[in-house]
1. Output the direction-averaged projected area (hull surface divided by four) of the convex hull of the alpha-carbon atoms of the chain, in nm².
2. Please report the net charge: other residues with Cβ closer than 15 Å to the Cβ of GLY176, K and R +1, D and E -1.
3. Place +1 on the Cβ of every Lys and Arg and -1 on the Cβ of every Asp and Glu in the chain, take the dipole about the Cα centre, and give the residue among ILE228, THR375, GLY90 whose Cα lies farthest towards its positive end.
4. Between ASP387 and ALA12, 0.36 nm times their residue separation minus their Cα-Cα distance comes to what?
5. With a point put 7 Å past each Cα toward its Cβ, work out how far VAL257 is from LEU216 in nm, to one decimal.
6. With a 10 Å radius around each residue's Cβ, average the other Cβ atoms per peptide and rank 316-328, 39-51, highest first.
7. Relative contact order of segment 161-264: what whole-number percent is it, with Cα pairs under 8 angstrom and at least 6 residues apart?
8. Describe numerically, in nm with one decimal, the distance between label points set 7 Å from Cα along Cα→Cβ at ALA51 and at LEU401.
Amino acid sequence: MTADPFTMVMIAVSVVVIILGFPIAYAMLLCSLIYILVNGLPISLMVHELALSLNSFTMISVPLFMFAGKLMTASGISDRIFDFTNNLVGRIPGGLGHVNVASSLVFAGMSGSTLADVAGLGEIEYKAMTRKGYDADFTIGVTLSSAAIGPILPPSLPMVLYGVTAGVSISGLFLGGILPGFLIAASLMVYVFFIGLRRGYRVDVWAGWRALGISLLRAAPPLFTPFIIVGGMAFGWFSPTEAATVAVLYGLFIATVVYRSLSFPDFLAVLRDVTLSAARLLFVIATAFLFGWVATFGEVPQMLAALIEAHIESVALFLLICIIVNLILGAILENAIPLLVLAPMLAPIAEQQYGLDPVHFGVVMVFNIMIGQFTPPIGLSLFVMRDITGFSVTRVFRAVLPFLAPLIISLFLMAYFPWIVTAIPRAAGF
């Protein structure tokens, strides 16, 4: 099957202009508009597709989960989480490196985003570790790499986007990310353990059960957030959008009643920040849906499916090629774009031609693309860490580069041992 040549040209042009620095959403919108005009289609069709892409009850969960994550960050939970995890795992060789990973594991259950983790915990972790004599590059590496857990554990914004675009159960994706999240944390802690032994990083003195209990009580309210969200969805008490609403209300309760750390001006600042961020993301989502419609109209997915079927017989090879392609795209494109454009194309191929579980493939693809957050030229986490440390982006990338090894190992384990992803969703009936 052959796709429309003009469609292929438009896709190639859009990729080139995006790599050259043209805003992604405008590049997709402009190329889609040119395609519609050249093919004599009415402009109203473009407006209809843009509006239809956001006309979804599930899509409401995107700004709501963003709002919940920012409320949690603004409520001052970062210090409490870091104190609790320090008392819990600070004694292990590698010391604060393990605290760093454990803090990200806990924070991921509230933020759902790599950037939120780096921005919310990064400065605290960097200052605490360098103050106690940890090497700056080691500190940067463990801080950034542990933030990769953010989009894997629920609630995860990338998984919401994948679920909406690929038609996969968001509840199943959330549950499927639980074991992989702990796998990533374990792989990083093993790496930190051996680095800590080799370099002789100090081990914090055990503060005792009383200190651990007190720090747990201080951090307990936000720790319940993932249990409320995941438990409510797993038992069928509420949908993903309703879960996001509950998360917002619970975040408001923690910030204003429990901790009393969110003033009205702070609340307005959070609201403004979420509104702007959500508007930008939803605009990107709408243009990506339009771009995907143009590709489908030009029979690109059908051509891709036929090409893959003709040349790739092995499931293992299909997964390997997807991993390599997504690692490259995650490095050169903003992470939402491969999810929004490729997910509707690859998900049906993975399920129908290779028999892959849709939840398994979705979790693998999300983590695969999210690794691009730590690679130039687009890796946004590198720029956030640059602002925290004052180092160049090149220095930050060199620091995180060794830590990509445990992340990629975790990725391959998820891909080739599907039960790591599917065990919990299947036990819950997804």
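Values in this text are rule-based calculations from the coordinates and carry no lab data. From a predicted model like this one, the values you see are computed outputs, not experimental measurements. When we count neighbours, we look across all protein chains shown, and the Cβ atoms used for this are built from the backbone with ideal geometry, even at glycine.
1. Orientation-averaged projected area of the Cα hull: 20.9 nm².
2. Net charge in that neighbourhood comes out at -1.
3. Toward the positive end, the furthest listed residue is GLY90.
4. 131.6 nm
5. 2.4 nm
6. In decreasing order of mean packing, 316-328, 39-51 become 316-328, 39-51.
7. Rounded, it is 26 percent for segment 161-264.
8. Those two pseudo-labels are separated by 5.1 nm.
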